[in-house]
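Inspection log for the structure reproduced underneath, given as structure tokens.
The values are calculated or read from the model by the stated rules, or taken from the named source; none is laboratory data. Quick caveat, the model's predicted, so the values are computed rather than measured. Cβ: placed from backbone, ideal geometry, glycine included. Neighbour counts: every protein chain shown.
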Ligand code: PMP
């Protein structure tokens, strides 16, 4: 039986990547050792690290005035690293909160500077709507403006880049980075925990504009300081070498798929199929306004919570796993990142249609 893993994170990785990792687990590049057993200072590893960075730069067309950092500590590490690194720019930071993750980023930042709520998700006719942000809404003295481009728990995606005037934009792209093309030049800092579209957990990719490297508060731990990480090519302390290696394989895989333009088409197809299945059902309910529905995390509720466990059990019995919604919101969530094949979504929608027929 084929297993389709809809876990929100750590999420499934492309099968080709896992197979390559398996094939070279014990003997990488003929060294007779695993890539996780060699020095990060060896020529072989440095070549790997540089290649991974270059592939990421190619995929996202990252301009030369941005550094790419491979940092420790995942997404939440950056919830603290961002305010610490940018505190020298001002006493406040402006926030758009759209769900659970941007709220947590807001709370964490508030420890280091004063985080200022500019706007938050609104609820209109029972649907979540994200307000548009304009420069007039933001104090132009703010150190930065922060938002989350995809709320993994709530299934809300923000597709329009906010207008912030001269205030640099910091974005948490943990759950939709590399899912579509991106104009990096619109941002001051882009960060993402790796465990959805990049690789295993623990690693964070940070893309930071050069002029923002030098504003850290003095107490910032050295290994979290962007300036230091950049100076040492992300090897100030021993990096999560195996995660970095896997991230490199994922970048190569993405290139082989035709890059972000191509993967975005498949991602749209998958999301459309699922939302169509929900909308046409008179059974499943999605509570996000169509303009803000996530293409990565599709959330839905059944008409009656008593059915939740039946749904999950029957899905699992045919290989559709990890569909339980986050405990904060309940219901179901199908996470359909880059690695989820179209067939996985087709199998899921067939099951959902059948389940609805039986339980209406
Ligand atoms: N931001 C977003 C959007 C996330 O989805 C997550 C984790 N699911 C985090 C931040 C936190 O990441 P981590 O658990 O790696 O700290």
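Annotations
- Test for residue 142: is it buried (at least 23 other Cβ atoms within 10 Å of the Cβ) and over 23 Å from the mean Cα position of the chain (by Cα): yes
- Helices (runs of 4 or more DSSP H) lying entirely in region 3-108 (those with 3 or more residues that are more than 16 Å from the ligand (Cβ to nearest atom)): 15-23, 43-60
- Contact map, region 311-324: first residue not assigned by TED's automatic domain parsing to the domain that holds residue 337, second residue at pLDDT 95 or above, Cβ cut-off under 8 Å, separation 6 or more or different chains; the map is empty.
- Matching residues in region 233-253 - criterion: being assigned to a loop (DSSP other than H, G, I, E, B) and either outside the structural domain of residue 57 (by TED's automatic domain parsing) or over 17 Å from residue 38 (Cβ atoms) (or both): 236
- Count of residues meeting criterion [in contact with a helix residue (DSSP H, G or I) (Cβ under 9 Å, 6 or more places away or on another chain) and either in a strand (DSSP E or B) or more than 16 Å from the ligand (Cβ to nearest atom) (or both)] in region 222-232: 7
- Segments classed as strands (runs of 3 or more DSSP E), wholly inside region 109-210, with at least 1 members that are within 15 Å of the ligand (Cβ to nearest atom) and touching a residue at least 40 places away in the same chain (Cβ under 8 Å): 145-148, 169-172, 189-193, 203-209
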